[in-house]
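Shown next, in C-alpha cells, is the structure this report addresses.
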Amino acid sequence: MTDPGRGPAASSTGRRILLLVGSVGAGKGTQAAALSRELGLVHLASGNLFRQALRDGTSLGERARAYMQRGDLVPDEITIEMFMEELSRPAAVGGAILDGFPRTVAQAQALDATLARRGERIERVISIEVPVEELVARVAGRRVCPVCGTAYHLVAEPPRVPGRCDLDGAELQQRDDDRPEVVRARLAKQVMPMLEVLEHYDRAGIVTRVDGTLPIQVVTRAILDGLRGDS
Ligand code: AMP
C-alpha cells in the first residue's frame, strides 16, 4: 500500500497541495474559493474540470463522456491524467486545492504514488463535516434561474421576489438532483468511499476536521488555523 507520507512538511517542490473533502452541500465550493484567494492556490474541482472538457470537446472530454452520462465514475487513469495535467499548468505553480478527487482509496493511492514520483505529496486534507439531514435541507433549498443560471437559496440567499430571478424575473427552478430523495441517495453513495479516503490520510496524521455547520467565515478561519501549523 502506498504510504501518503508522514509529517507536516510540504512537497520538496515547495508548493502546497491541499485536499478538500466533504459531501454535496457541505460548502466545499465556497470554502475552496475563499482558500484559493487567501492562499493563492488554484482550485481544481474534478466535476467542473470534466464538464469543461466535455464542453470544449477535448480528447479527455470524449474519453470521459460515456461514464459521466451514466453517472459513473470516470476510470482512475483518465482522472489522474487530467489532474496531473492541471497540476503542470503555470496556474498551479503556487499549489492547488483538490476537490472531488481522490474519491476512493484506489484513487488516493494512485495519486500519492504519482505525486511521490515528482517529489510531492498532499500536505493536508481538510474535511468539512455536516450532518446528513442538514445537508439534505441545504441542497433542497437551492433554486436556479433557468434563463441566466443564477443560483439562490430559499434560506441563505433568497431572491428579492419569492420564486423569481432578481436579474430577469424568470421563475426559479429546482434541479432534479437537488430533490431530497435524490440528495439522500447521492449522499449514501458518497459517504463510504469518502470515509475510507479520510481513513487513508488519517494514517498519515494529515486530516483536519472542521465543523461545516458554522458560518462560512468561521469555517474558513478554522481551516486557515488548521493549516497555520504546517506552513
Ligand atoms: P461531480 O460534479 O463532482 O458530481 O462530478 C460529475 C461527474 O464527473 C461524476 O459523475 C463522474 O462521472 C466524474 N467525476 C468527478 N470526480 C471524479 C473522480 N474523482 N473520479 C472519477 N470520476 C469523477
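Might you tell me the accessible area per residue for the chain, computed with a 1.4 Å probe and given in Å²?
Working: 11820 Å² over 231 residues.
Value for the chain: 51 Å² per residue.
Only bridges with both residues in the stretch 81-231 count here: give the DSSP antiparallel percent, nearest 5. Don't jump to the answer; show the numbers that get you there.
On the way: 6 of 11 bridges.
Expressed as a percentage, antiparallel bridges in the stretch 81-231 total about 55.
Report relative contact order for the stretch 75-198 in percent, whole number only (criteria: Cα-Cα under 8 Å, sequence separation at least 6).
Details: 99 pairs, mean separation 30.1, N = 124.
It rounds to 24 percent for the stretch 75-198.
Ignoring ligands and nucleic acids, what accessible area does Glu62 show with a 1.4 Å probe (Å², nearest 10)?
In the full protein context, Glu62 sits at about 90 Å².
Given a Förster distance of 25 angstrom, what is the FRET efficiency for Thr114 paired with Arg175, based on the Cβ-Cβ distance and rounded to 0.05? Each step should come with its number before you reach the end.
Working: r = 34 Å, r/R0 = 1.35.
Using R0 = 25 Å, I get an efficiency of 0.15.
Pairs of Cα atoms under 8 Å, at least six residues apart: use those to get the relative contact order of the chain, whole percent. Can you show the working numbers first?
Values: 337 pairs, mean separation 70.2, N = 231.
That works out to 30 percent.
With the crude spin-label approximation of a point 7 Å out along Cα→Cβ, what separation in nm comes out for Ala33 versus Val93?
About 2.7 nm, to one decimal.
Expressed as a whole number of Å, what is the distance separating the alpha-carbon centroids of the stretch 38-104 and the stretch 132-199?
The two parts, judged by their Cα centres, are 22 Å apart.
Could you go through the stretch 165-173 in sequence order and give the Karplus-derived ³J(HN,Hα) for each residue, using 6.51 cos²θ - 1.76 cosθ + 1.60 with θ = phi - 60°, rounded to whole Hz, and x for Gly and Pro?
For the stretch 165-173, the Karplus curve yields 5, 4, 8, 10, x, 5, 6, 6, 10 Hz.
Tell me whether the stretch 97-205 comes out rounded, prolate or oblate; compute the Cα gyration tensor, take square roots of the eigenvalues as a ≥ b ≥ c, and use a/c under 1.5 as the rounded threshold.
Since a/c reaches 1.5 and a/b is larger than b/c, the shape of the stretch 97-205 is classed as prolate.
Pick out, from Leu198, Ala66, Leu115, the residue whose Cα sits farthest towards the positive end of the charge dipole of the chain, with +1 on the Cβ of Lys and Arg and -1 on the Cβ of Asp and Glu.
Going by the Cα projections, it comes out as Leu115.
Using a 1.4 Å probe over the heavy atoms of the protein chains, calculate the carbon and sulfur portion of the accessible area of the stretch 1-147 as a whole percent. Write out the running numbers ahead of the final one.
Details: 3460 of 6620 Å².
That fraction is 52 percent.
Whole-Hz Karplus ³J(HN,Hα) for the stretch 86-98, in order, using 6.51 cos²θ - 1.76 cosθ + 1.60 and θ = phi - 60°, x for Gly and Pro?
Result, ordered by residue: 5, 5, 7, 6, x, 4, 9, 5, x, x, 8, 10, 8 Hz.
Show His43, His153, His200 ordered by accessible area, largest first, where the area counts protein heavy atoms only and the probe is 1.4 Å. All intermediate terms of the calculation are to be shown ahead of the outcome.
Numbers: His43 60, His153 35, His200 0 Å².
If we order His43, His153, His200 from most to least accessible, we get His43, His153, His200.
Please find the FRET efficiency linking Asp168 to Val218, where r is the Cβ-Cβ separation and R0 is fixed at 45 Å, and quote it to the nearest 0.05.
Working: r = 34 Å, r/R0 = 0.75.
So the FRET efficiency works out to roughly 0.85.
Got a sec to turn the phi values of the stretch 28-45 into Karplus ³J(HN,Hα) couplings, 6.51 cos²θ - 1.76 cosθ + 1.60 with θ = phi - 60°, whole Hz, x for Gly and Pro?
Karplus values, whole Hz, x for Gly and Pro: 4, x, 4, 5, 4, 5, 5, 5, 4, 5, 5, 10, x, 10, 7, 9, 10, 9.
What do you get for trypsin sites (Lys or Arg not before Pro) in the stretch 188-220 restricted to DSSP loop and a cutoff of at most 14 other Cβ within 10 Å of the site's Cβ? Display every interim value, and only then the final one.
Working: sites: Lys189, Arg203, Arg209; in loops: Arg203.
The qualifying sites are Arg203.
Hey, could you pull the Cα Rg and Dmax for the stretch 89-152, both in Å?
Rg, Dmax (Cα atoms, Å): 17.3, 47.
If you place +1 on the Cβ of every Lys and Arg, -1 on the Cβ of every Asp and Glu, and leave all else neutral, what size is the dipole of the chain about its Cα centre, to the nearest 20 Debye?
Values: 30 positive and 31 negative charges, 49 e Å.
Computed about the Cα centre, the dipole is about 240 debye.
Using every alpha carbon pair in the stretch 143-213, what percent of pairs falls into each 10 Å bin from 0 up to the bin containing the largest distance?
17, 29, 25, 20, 8, 0
For Ala96, which sequence-distant residues (separation of 5 or more, or a different chain) have an amide H within less than 5 Å of its own amide H, given hydrogens modelled in the peptide plane?
It is Arg16, Ile17, Leu18, Val42, by chain and number.
Over the Cα atoms of the chain, compute the convex hull volume and normalise it per residue, giving Å³. Each step should come with its number before you reach the end.
Values: hull volume 31.0 nm³, N = 231.
That works out to 134 Å³ per residue.
The values are calculated or read from the model by the stated rules, or taken from the named source; none is laboratory data. Remember, it's a predicted structure, so these values are computed and weren't measured experimentally. Note that each Cβ is placed from the backbone with ideal geometry, even for glycine, and that neighbours are counted across all protein chains shown. What goes into the accessible areas is simple: the full protein's heavy atoms, side chains included, and nothing from ligands, DNA or RNA. Shrake-Rupley method; radii C 1.70, N 1.55, O 1.52, S 1.80 Å.
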